[in-house]
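Participant: Got a structure for you, written out below as structure tokens; questions coming shortly.
What follows is calculated from the coordinates using simple rules that are stated; it is not laboratory data. All of these numbers come straight from a predicted model, not from anything done at the bench. Positions of Cβ are backbone-derived with ideal geometry, glycine not excepted, and every protein chain shown enters the neighbour counts.
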Amino acid sequence: MASVSLLSISWRVLPVVIALQSAAPPVQSTLAQLPKNAAQVVSRQYPGWKVAGAASCSSAAPNPVSADFNGDGRPDWAVQLVKDAGERHLVVLIARLDDFEAFAVDQDAGDGALTAIKAGTDYVERGDALPDFFGTDAIGAGPCGKPDHAYLWMGTGFRRVELSAR
């Protein structure tokens, strides 16, 4: 009967243990990630909705994301909300003097990751050959943190822009 040393077993098991330890569980997002008064607005206007979990790819940005989407110098928030039936909405919370105003931006938000795109970043809209740039911070959405569309502040609401692949 051949004897097997403990050392030879440990070298065979070690890669499996390392692989199991490096697989990170998906990040669970909650309203606690938002400022208190922003979370209250969401709870009041979207009862029963939850913050969607982070995208499945590890390079994706967390949900929610914050930037100055309307250019007034205050941090605003974009958050994907999900209902039990899997329905997903993108809601943007614009900071006002002492509260937040919720904008229902996209009622078919899909499951792409959200990113904040900095003002001044250039882009090309799909179907257009002319380059443009974001005048304010914008919300990017797409698979694994690589936006294939963006949402731009237009003064009273947001407009979806399909981004051309570069």
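Participant: At 0.36 nm per residue, minus the direct Cα-Cα distance, what do ALA85 and ALA129 gain on full extension? Give it in nm, one decimal, please. Please report the intermediate quantities before stating the final value.
Facilitator: Working: separation 44, 0.36 × 44 = 15.84 nm, distance 3.93 nm.
Full extension from ALA85 to ALA129 adds 11.9 nm.
Participant: Distance from a point 7 Å along Cα→Cβ of THR121 to each backbone N in the stretch 64-102: keep the residues under 19 Å and list them by number.
Facilitator: Output list for this probe position: 64-80, 90-94.
Participant: Continuing with this model, one more query. LEU97 versus ASP148, label points 7 Å from Cα toward the beta carbon: distance in nm?
Facilitator: 4.4 nm
Participant: List the lysines whose Cα lies under 16 Å from the Cα of LYS36, skipping any in the same chain that are fewer than 8 positions away.
Facilitator: Counting by Cα, and skipping residues close in sequence, LYS36 has these lysines nearby: LYS50.
Participant: Run the reach check for LYS118 against lysines, Cα to Cα strictly under 18 Å, same-chain hits fewer than 8 apart removed. What comes back?
Facilitator: Result set, ordered by chain and number: LYS146.
Participant: Based on the mean of other Cβ atoms within 10 Å per residue, sort peptides 72-84, 35-47 so the most packed one is first. Don't skip to the end; give the middle numbers.
Facilitator: On the way: 72-84: 18.5, 35-47: 14.9.
For the peptides 72-84, 35-47, the packing ranking is 72-84, 35-47.
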